[in-house]
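No lab work stands behind these numbers, since they all come straight from the coordinates. Treat the numbers as computed from the prediction; the structure is a model and nothing was measured. Cβ sites come from the backbone with ideal geometry, for glycine too, and all protein chains shown count toward neighbours.
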Protein chains: 2
Amino acid sequence: MNLAGLKKISIVGVGLIGGSFGMAVKQAFPAVQITGIGRSAERLCAAQNLGAVDAVSTDLEAGVRDADLVYVATPVGIELDFIRRMAPALKPGAVVTDAGSTKARICRGADGVPGMRFIGGHPMAGSESAGVESASPNLFRGAAYVVTPTEKTHPDDLILMKRLAESLGARAIELDPETHDRCAAVISHLPHLMAAALVSLVKERAGETPEILEMVAGSFRDMTRVAESSSELWRDIFISNDACIKSAAADFLNALTSGLNKICAGDAEGIRDWFKAAGETRKSILPGSRD
Amino acid sequence: MNLAGLKKISIVGVGLIGGSFGMAVKQAFPAVQITGIGRSAERLCAAQNLGAVDAVSTDLEAGVRDADLVYVATPVGIELDFIRRMAPALKPGAVVTDAGSTKARICRGADGVPGMRFIGGHPMAGSESAGVESASPNLFRGAAYVVTPTEKTHPDDLILMKRLAESLGARAIELDPETHDRCAAVISHLPHLMAAALVSLVKERAGETPEILEMVAGSFRDMTRVAESSSELWRDIFISNDACIKSAAADFLNALTSGLNKICAGDAEGIRDWFKAAGETRKSILPGSRD
């Protein structure tokens, strides 16, 4: 199947990501019919009113039956259950993809479902705001969209997903699921853990010096913003990528200790150069972005 | 001396903080005469053109001679040298304050300078942008302004500095220098170190997986923004608060490990509750601010 063959898409879980995907597809391909599937009729209704989907269903099997592509955008912890349950109802040749923040367990699990044509994906976009009310057709624009084929992936499905991601304004990146998870642990999962740990530390210190709470400034605000993300979504992400996060935390600690040792040794030149190199690296990764 | 007695103010170091202080004073007290003191005539000229100071001097002694208040806003590492050098030139009753990000070494050092009337301060405002070009009369508005009296501080000077800070729109907070440094280590200095360490880690991982650089998204961008701060300024801050930063890093590591252990034990409920509590704490510290 190619992009032109996409007539009907079903989205399982119409929240921030699923809703934004629906809106973006409607904008790029107005003729595509989109069905939103979920457990809450009220939330599905909200998604339909916002123009994210054309039709809705609370019945998974009925909702995916005619779909050329099924887009699974539920919390990571329940994705595989949905994928297994929908398998018998899919029409031949239907492709299933997902938007989960961790990939190895889902992709390897889906590969084990008989008759399933699955290719994982992870749009590196999001927000600490959840829900279809925060959805936007432009959420993926300029963002990385990682597609994670395995040796079981049909080559056509890889091409389809890359082209679809690019049609929505994203940059398609191809990585195997395990490499994706190692990278995501460093640039997203560990930062969320760090944010929550820093907040915990400030709360603990406030026990002896309440004034600390009034002193919080820009760096604390920036570094802890994502601590307000959904604890249900992040519980699933953390648990499903535990080994990679542990390894990322160990390497982060080494990097932190490297800087700290220079400070405690009074190595003024060493700490200046170390900090400066980090600033220059960031500038090269995010050119023109100091915000 | 009270606020009404402030006729002449000299600012040593007219960069982001010194320049913003000058602009804010001009706005609140248009009659006050402000002299900018620095080593670069070019930078002083820029500050004068931007309206941050009325007159300029590259001669420290001449520049402070008539001042009722001297505001030291140089990098932390050279503050004490300026304070010692200006002491003989000050007129009787002149008050000296500073804006350094670390307080114990400077306040205790200044207390040891014969004849010096010193009270430390730290406006918890700033930016990863340096230089008077980024200065604004509103930089202190709504920000915390910590004043750090010691047992040698004249009570009038404490009142003066609190009122002055409030006149510029800041919230005055009183802490002893050592307590200030412990708090600042947690909410500002450690976060800067964490930002640089996270960038270093991503750079290291990019050696094996270059795609990681294209995957960076919101949480990485937020958490590393301050890594682009001035390496000269931060070298001084890190070195002058080494013990507090080390202790903050150790406590941060404990908090991080506490979350990580729940993840690695597969304790779904534990990690959800831990993350949720952090989000709620942040919300109570920064109400209404998810950005």
Using only the alpha carbons of the protein assembly as shown, what is the convex hull's orientation-averaged projected area in square nanometres? 27.0
For chain A, give me the percentage of DSSP beta bridges that are antiparallel, rounded to the nearest 5 percent. 15
Everything considered on the Cα gyration tensor (a ≥ b ≥ c; rounded for a/c under 1.5, else prolate if a/b is larger than b/c, else oblate), the stretch A:180-285 must be described as oblate
Decide, for the stretch B:102-156, between rounded, prolate and oblate: order the square roots of the alpha carbon gyration tensor eigenvalues as a ≥ b ≥ c, take rounded if a/c falls under 1.5, and otherwise choose prolate if a/b is larger than b/c, else oblate. prolate
Quick one: label points 7 angstrom along Cα→Cβ at B:GLU151, distances to the other copies in nm, smallest first? 7.5
Going 7 Å from Cα along the Cα-Cβ axis for the label, what nanometre distances separate A:LYS283 from the same residue across the other copies? 4.0
Which of B:LEU193, B:LEU175 has the fewest other C-beta atoms within 10 Å, and how do the rest follow up to the most? B:LEU175, B:LEU193
Rounded to 10°, Cα long-axis angle of helix A:190-206 versus longest principal axis of chain A: 50
What is the local net charge at A:ARG272, summed over the other residues whose Cβ is closer than 11 Å to its Cβ (Lys, Arg +1; Asp, Glu -1)? -2
Semi-axes a, b, c in Å (a largest) for chain B, each sqrt of 5 times a Cα gyration tensor eigenvalue, come to 39, 21, 18
Taking every pair of Cα atoms in the stretch B:1-47, average 1/r, invert it to obtain the Kirkwood radius, and report Rg/Rh to two decimals. 0.99
Cross-link partners among lysines for B:LYS283, C-alpha distance below 22 Å, same-chain residues fewer than 8 apart left out? A:LYS203
Per residue of B:240-250, other chain Cβ atoms within 10 Å number on average 3
Rounded, prolate or oblate (a/c below 1.5 giving rounded, otherwise prolate when a/b exceeds b/c) for the stretch B:43-100 by Cα gyration tensor: oblate
Based on Cβ point charges of +1 for Lys and Arg and -1 for Asp and Glu, what charge dipole magnitude is obtained for the stretch B:180-285 about its Cα centre, in debye rounded to the nearest 20? 240
How crowded by other chains is A:166-176, given as the mean number of beta carbons from other chains within 10 Å of each beta carbon? 1
In nm to one decimal, list the spacings between the B:ASP176 label point and its equivalents in the other copies, with label points set 7 Å along Cα to Cβ, shortest first. 6.0
Nearest-ten-degree value, helix B:76-86 long axis tilted from longest Cα axis of chain B: 10
How much of the calculated P(r) for the stretch B:3-175 lies past 25 Å, in percent of all Cα pairs? 21
Over all residues in B:177-185, what is the mean tally of Cβ atoms on other chains that come within 10 Å of each residue's Cβ? 3
Over chain A: helical MRE at 222 nm, DSSP H runs n ≥ 4 each giving -39500 (n - 2.57), nearest 500: -15500 deg cm²/dmol
Could you give the angle, 0 to 90 degrees to the nearest 10, between helix B:242-264's Cα long axis and the longest principal axis of the Cα atoms of chain B? 20
Counting DSSP beta bridges with both partners in the stretch A:68-149, what percentage is antiparallel, nearest 5? 40
